[in-house]
1. Say R0 is 22 Å: what FRET efficiency, to the nearest 0.05, do MET64 and TRP40 get from their beta-carbon distance?
2. Sticking with the crude label model, points 7 Å out along Cα→Cβ, report the distance from ALA49 to GLN3 in nm, one decimal please.
3. Using the heavy atoms of the protein chains alone and a 1.4 angstrom probe, what is the accessible area of the chain per residue in square angstrom?
4. So what are the ³J(HN,Hα) numbers for the range 27-41, from phi and the Karplus equation (6.51, -1.76, 1.60; θ = phi - 60°), rounded to whole Hz, Gly and Pro as x?
5. Angle between the Cα long axis of helix 56-66 and the longest principal axis of the chain, 0 to 90 degrees, nearest 10?
6. What's the percent breakdown of Cα-Cα distances in the chain across 10 Å bins, shortest bin first?
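The values are calculated or read from the model by the stated rules, or taken from the named source; none is laboratory data. All values derive from a computational prediction rather than experimental measurement. Don't worry about glycine lacking a Cβ; one is built from the backbone with ideal geometry, like all the others, and counts go over all protein chains shown. We work out accessible area using only protein heavy atoms, side chains counted, and drop any ligands, DNA or RNA first. Shrake-Rupley method; radii C 1.70, N 1.55, O 1.52, S 1.80 Å.
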Amino acid sequence: MAQDTPPSPVPGRGPALLSHGFRPFFLGAGIYAALGMLGWLAAVGGGIALPWTPAPPVWHAHEMLAG
């Protein structure tokens, strides 16, 4: 009795980044996360001024309600 083997994958055309639909979004999310951390560090360290800086309890309440 012969074993059924899965078909071999067909070589893709074009760049690997575009071979699956999620890959550009995954890359974009990674870049956004890195830039977000740099911006957050700059804001916390005093390097940039935020246009709206509420008191910490107000910000915490906002995040608990709005996420």
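1. Details: r = 19 Å, r/R0 = 0.86.
Once the sixth-power term is evaluated, E becomes 0.70.
2. Placing both labels 7 Å beyond Cα along the Cβ direction yields 6.9 nm.
3. Numbers: 6410 Å² over 67 residues.
Counting only protein heavy atoms, the per-residue value for the chain is 96 Å².
4. Computed from phi, the couplings for the range 27-41 are 5, x, 5, x, 5, 4, 5, 5, 5, x, 5, 5, x, 5, 5 Hz.
5. For 56-66 against the chain, the angle is about 40 degrees.
6. 15, 23, 23, 15, 11, 9, 4, 1
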